[in-house]
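> Supplied in structure tokens, the structure appears directly below.
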Amino acid sequence: EYADGGTARQFLNEIQNKSVLTPQQVFSFAKDALMGLADIHSTDGDTMATVIHRDIQLFNMVVLLGDNGKWELKLHDFNTARLLQWNFAKNRTCGWGQSFQCDGKWKRTPEDCASTTLPFDYPREKKDVYTLGT
């Protein structure tokens, strides 16, 4: 899909001084982002997140004009996303160690920056929800 409005950051920068977004449109964008997360987190059903984006920010969301003539927001840039597999024998996700930079220029959760290597069963969908709210 072609994103007429560019990234969400570009879109918001362009309209910042024009005050063209109503509270309903802001709510609609928030709902679009949450619904996108719900979709990728429930790929395998509602009990376990299957895909984790891991880099939720305005640069990784695009704005496009929907069929109904209204602006819509969609998640994109899944280059850091992780596909989780469920280990039925251990009743948990299959995990791996992961290193992150916590130098202030990257948005990271407190769990990311607590140590240089994260626990075996990290990442989790909670990270996406946390970064969406920051």
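The values are calculated or read from the model by the stated rules, or taken from the named source; none is laboratory data. Computed from a prediction, not measured in an experiment: that's the story for all the values here. Virtual Cβ from ideal backbone geometry, glycine too; neighbours counted across all protein chains shown.
> State all residues of the range 1-46 that are at pLDDT 85 or above and outside any helix (DSSP H, G or I); if no residue qualifies, say none.
Those that are at pLDDT 85 or above and outside any helix (DSSP H, G or I): Tyr2, Ala3, Asp4, Gly5, Gly6, Thr7.
> Moving on to the next point. I'd like to know if the range 47-59 contains one or more residues that are acidic (Asp, Glu) and either exposed (fewer than 15 other Cβ atoms within 10 Å of the Cβ) or modelled with pLDDT of 90 or more (or both).
So far as the range 47-59 goes, no, none of its residues is acidic (Asp, Glu) and either exposed (fewer than 15 other Cβ atoms within 10 Å of the Cβ) or modelled with pLDDT of 90 or more (or both).
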